[in-house]
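Notes follow once the structure below has been shown.
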Amino acid sequence: SFFELMYLIGGLLGLASMFISAWAGYVMARRALGPIDEIGRAAMRFAAGDLSTRLKLSTRDREIRQLVRTLNKMFADLESSIQAQKRFTADASHELRIPLTILRGEIEVALMRRRRPKEYEEVLRQQLEIIERMQRIVDGLLTLARADAGLLELAREEVDLSLLLEEAGQQHLTLFASKDVRLEMDIEDGLVVIGDYDRLSRVIFNLLNNAYKHAPSHSRVRFTARAEDDEAVIEVADQGPGIAPEHIGHVFDRFYRSDDSRHRKTGGAGLGLAISKRIVEAHGGHIEAESEPGQGATFRVRLPLAAANPALLRQIDAVLKQETE
C-alpha cells in the first residue's frame with residue numbers, strides 16, 4: 001500500500017542518513033585527530049634517538065599550531081641539551097686520557113723499585129701538577145657545559161672595569177718580566193660595566209696569560225682599554241708569531257690547536273679563549289681576534305658600558321640603598 005511504501009522509503013532514507021552521518025563523523029574525527037597522531041609519531045621518533053625530529057603541520061586550528069610550536073621548541077631544547085652532554089663527555093674523555101696515562105705511568109715507574117724519600121717526593125710533586133691540570137680541565141669543561149645550556153650564573157653588579165684591568169695588569173708585571181717582556185698599559189679611567197667581577201677577571205687573566213705564552217723574549221705586549229661610543233673596548237696585543245688566516249676563525253673553539261709555531265710548547269688545555277668567549281657573550285659583549293702571520297695577534301673585547309643602561313643602573317642603586325638601610 002501507499003503507507004507501507006512511504007514507511008519503506010522513510011526507513012531507507014533514515015538508514016542512508018545514518019551511514020552518511022557516520023562517514024562524515026569519521027572523516028571529521030580523522031581530520032581533527034590526524035595532527036595528534038602525527039605528534040605522537042614524532043614523539044616516538046624523537047624518543048628512538050632521531051633528535052632532528054620536528055613537526056611540520058599545516059592546520060587552521062590555532063590551538064594545534066600553538067602546540068606544534070611548543071613541541072618543536074621543546075625538541076630543539078632537548079636536542080641542544082643532549083648534544084651538550086655528548087660534547088662534554090667526548091671532550092672530557094679526550095682531554096683527560098693523556099694526563100691519566102702519564103699519571104699511571106709515573107706511578108708504575110715509581111713502584112718498580114724502592115726509592116729514596118726524596119725521589120718519592122719528586123714523583124708526588126709531579127703527580128700533583130698533573131692532578132691540578134686535570135682539575136682545571138674539568139672546571140673549564142663544566143663552565144662551557146653550563147654556558148652551552150644557558151645556565152652560566154652571573155652576578156649583576158656595578159663593576160669598576162678600569163680598576164679591574166689595572167689590578168690584573170699589575171699582577172702580571174712580574175710574570176712578563178720573568179720572560180723579559182714589557183707590558184705596556186694604557187687604561188682609561190672611569191670605565192664601568194654591569195656584570196660579574198670574578199668572571200670578567202677570568203677573561204682578562206686568560207687574555208694576558210695567552211699573550212704571555214706567545215710573546216717572544218725582548219718583546220712587548222700592549223694592554224689598553226678605552227670608551228668607544230657605548231662600549232668599553234679592551235685590547236691585548238702581542239708581538240708573537242701571529243695566527244694564520246685559516247686558523248683565525250677557530251681560535252675560540254674549545255681544544256683547537258693549529259700546527260703553526262704559535263701553538264707549540266705553550267701548554268694549557270685549550271679552553272681559556274673558549275671560556276672567555278662564553279663569558280663575554282653572557283655579558284652582552286663581543287670578543288674577536290686579529291692577526292697576520294709574523295705580526296703578532298690582537299684580542300679585542302667589547303662590553304656595554306653601564307652608562308648605556310640607565311634603567312639597570314637605577315635598579316642597582318635601589319638595591320644598594322636597601323642594603324645600607
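The values are calculated or read from the model by the stated rules, or taken from the named source; none is laboratory data. Not measured: the values here are computed from a predicted model. Here the Cβ positions follow ideal geometry from the backbone for every residue, glycine too, while neighbour counts run over all protein chains shown.
Check Met28, Met112 and return the single one that is over 30 Å from Asp253 (Cβ atoms) and either modelled with pLDDT of 75 or more or not in a helix (DSSP H, G or I) (or both).
Going through Met28, Met112 in turn, the sole match is Met112.
Which of the residues spanning the stretch 143-155 are out of contact with any Gly (no Cβ under 9 Å at 6 or more places or on another chain) and modelled with pLDDT of 80 or more?
Answer for the stretch 143-155, where residues must be out of contact with any Gly (no Cβ under 9 Å at 6 or more places or on another chain) and modelled with pLDDT of 80 or more: Thr143, Glu153.
Return the pair list, or none, for Cβ contacts closer than 7 Å from residues in the stretch 237-260 that are within 26 Å of His218 (Cα to Cα) to residues that are modelled with pLDDT under 75 and loosely packed, with under 13 Cβ neighbours inside 10 Å, at least 6 apart or on different chains.
none
Consider only pairs whose beta carbons are under 8 Å apart and that are at least six residues apart or on different chains; among these, list those whose first residue lies in the stretch 273-287 and is under 19 Å from Asn210 (Cα atoms) and whose second residue is of a type in the set (S, T, N, Q).
Leu273/Asn206; Leu273/Asn210; Ile275/Thr143; Ile275/Asn206; Ser276/Asn206; Arg278/Thr143; Ile287/Ser276
From Glu106, Glu158, Glu121, which residue is loosely packed, with under 13 Cβ neighbours inside 10 Å, outside any loop (DSSP other than H, G, I, E, B) and either in contact with a helix residue (DSSP H, G or I) (Cβ under 7 Å, 6 or more places away or on another chain) or modelled with pLDDT of 80 or more (or both)?
The match here is Glu121.
For Arg226, state whether it is within 17 Å of Arg302 (Cβ to Cβ) and in contact (Cβ under 8 Å) with a residue 60 or more places away in the chain.
No: the conditions fail for Arg226.
Given the conditions (1) assigned to a helix (DSSP H, G or I); (2) under 30 Å from Leu51 (Cα atoms), report the number of the one that Gly150 does not fulfil.
Of the numbered conditions (1) assigned to a helix (DSSP H, G or I); (2) under 30 Å from Leu51 (Cα atoms), the odd one out for Gly150 is (1).
Determine whether Leu141 is part of a helix (DSSP H, G or I) and either outside the structural domain of Ile102 (by TED's automatic domain parsing) or more than 21 Å from Val280 (Cβ to Cβ) (or both).
no
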